[in-house]
Every structure is written in structure tokens, then in C-alpha cells.
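The values are calculated or read from the model by the stated rules, or taken from the named source; none is laboratory data. Keep in mind that this is a model prediction, so the values were computed, not measured. No Cβ is skipped: glycine too gets one built from the backbone with ideal geometry, and neighbour counts run over all protein chains shown.
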Amino acid sequence: MSDRKQRPRRRPIRRLRRWLRRRWSRAAASPQALVDQAVRAVAELARARIRADHPWLTEYPNLLSEEWVAKNLEHHQELVQLVEELAQRAAAGRTPRLLEAGAGSAAFSLALSRRNYDVTAIDSDPLMVLRAQHIASHLGGYARIQCLDLHHLEAFQDGWFDVVFSQGTLEHFDNAGIRALLEQQLRVGRTVVFSVPSVFWPTRDFVNERKMSLDEWKAVLQSVDADLLHLSYYRPGELHVLAALARRHPAP
């Protein structure tokens, strides 16, 4: 994401050269063994660069199990219930259309797509999208998983989705960034639902996460041109903030 703090750039080629010089000067192994070691070193440098540039990939295992997905849905059951309630109400009998913005592993989208929802999942990190597509091929489901900048949703027409939802995305932006993302989502969706870690969440996963209280979120959301439908903590524990907004001028 563009608002993520930039990590210091490393010099992998210079590090590799130093490593090769040290190895060559004291190598007792065969040339082939040295080549094999060099290949492993290059692979490790590549993995380190990917982890630095795409930290979200470390949040999820390569393949999610059905048990992991079930526990995740249980933990976020208040979010899922609110998404389903608002989507069913807006759809008025047809198949509800959902958009997950900042989908990550797309676990929510895959699960909801099995419950007779028409689901599109988007993320701005291309490697995260590939990971989500790989997970989808393993778990099954019917969600469309696409790489798309969350700030530019022009590919979707006004009011196409009944609900745009996200979990663990908006806390990575400042107030202006949150408003800009919500305005985009409210254009393409009739309602927007999101949950974020609250000020009571015990750990900090990324350096730019903002843990805010209900009052702080209320102040931000009241500056958005939308009706605030819901704002609460998850119960029990108050570890997440759950919010819902509605367009003031719904699409026909």
C-alpha cells in the first residue's frame, strides 16, 4: 500500500559479492559445492527481498485449512453477520453482490461465496493476489480474486455492490486516506462494513497500524458524506472496532 512506511533499501549484490569472496578464500569444498551454496544464497536473498517488499505474505500460511477458515469466521462473526444482514436487505431477493476491499488471503470472500453470495475480492499487492488465488484453488469457492488499486475502483459502476467490506485494512491509513478509501467504496457499494483492530488489541503487527478507540473512529467517520449505521466493539473483549456506513444517495 502506498501509505506504508518505506523500509531501508538493502544492497543484495554487494552482500552476495562479500559472501562469495569469503567463501572462495577459505573454500575446501569442490567448485560444484560452492556453486550450490551460491545458488542457495541468491534464493535466500530473493526471499528476504520479497518479505521486505510484501510483508503481508508473512501473515498467512501458503495454504489455509478449512479449520483455519472456520476459526477466522468465528472470531469475526459479528463482521460476517452484519455483512450478511445488510447484503440480504439491499438485494431484496436476488443474489447479493459483495466486494472485499483489501482481501489478503480472501478467506472471507471464499467462505461467503459458498453461502450463495456473488463475491469479488480485490487487493493491491499482486503477490498477495497470487497467494489468494492459490488458496482458492485448494479450498474451493466461487469468488473472483483480482489485483486492483483500492484507490481506483473505476472498473465498477456506481452502486453495483450491495456491501463493500474489509477486515484489517483501514487502520494502515491516516484520516485523509481513510476518507478517500471510504468515498471510493461508497460510490460502488450501497453500504460499507469494516472491522479493524481496536486500541485494546494487544500486539502491533505492522509499524503503520493505527489502533483507535470508538470515539476516534466516530470523529473520522462523521467527516465522511454517509450515514453511520453501526459503530461498536466486538463482544466480548473489545479487540476490534466494527462499523457500517450507507450511501446518502443510493443508486437506483
I'd like the residue in the range 201-222 that is assigned to a loop (DSSP other than H, G, I, E, B) and at pLDDT 85 or above and, out of all such residues, is surrounded by the fewest Cβ atoms within 10 Å (Cβ to Cβ).
PRO202
Condition first: farther than 26 Å from TYR234 by Cβ and either at pLDDT below 95 or not small (Gly, Ala, Ser) (or both). Can you find one or more residues in the range 76-89 that meet it?
no
Among the residues of the range 111-129, write down those that are over 15 Å from LEU79 (Cβ atoms) and among the β-branched types (Val, Ile, Thr).
THR120, ILE122, VAL129
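For (1) among the polar types (S, T, N, Q); (2) closer than 20 Å to HIS76 by Cα; (3) surrounded by fewer than 24 Cβ atoms within 10 Å (Cβ to Cβ); (4) in contact (Cβ under 8 Å) with a residue 60 or more places away in the chain, each residue gets a yes or a no:
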site	(1), (2), (3), (4)
SER109	yes, yes, no, no
HIS138	no, no, yes, yes
PHE161	no, no, no, yes
GLN167	yes, yes, no, yes
THR191	yes, yes, no, yes
Output for the range 111-124, where each listed residue is farther than 14 Å from SER166 by Cβ and surrounded by 17 or more Cβ atoms within 10 Å (Cβ to Cβ)
ALA111, SER113, TYR117, ASP118
Failed item in (1) closer than 23 Å to ARG247 by Cα; (2) surrounded by fewer than 22 Cβ atoms within 10 Å (Cβ to Cβ); (3) under 12 Å from the mean Cα position of the chain (by Cα), with ARG179 passing the rest:
(3)
Working carefully through the options ASP149, ASP174, find the one that is exposed (fewer than 15 other Cβ atoms within 10 Å of the Cβ), closer than 20 Å to MET212 by Cβ and not hydrophobic (A, V, I, L, M, F, W, C).
ASP174
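For ARG190, state whether it is of a type in the set (Lys, Arg) and within 26 Å of GLN88 (Cα to Cα).
Values: of a type in the set (Lys, Arg): yes; within 26 Å of GLN88 (Cα to Cα): yes.
Criteria met by ARG190.
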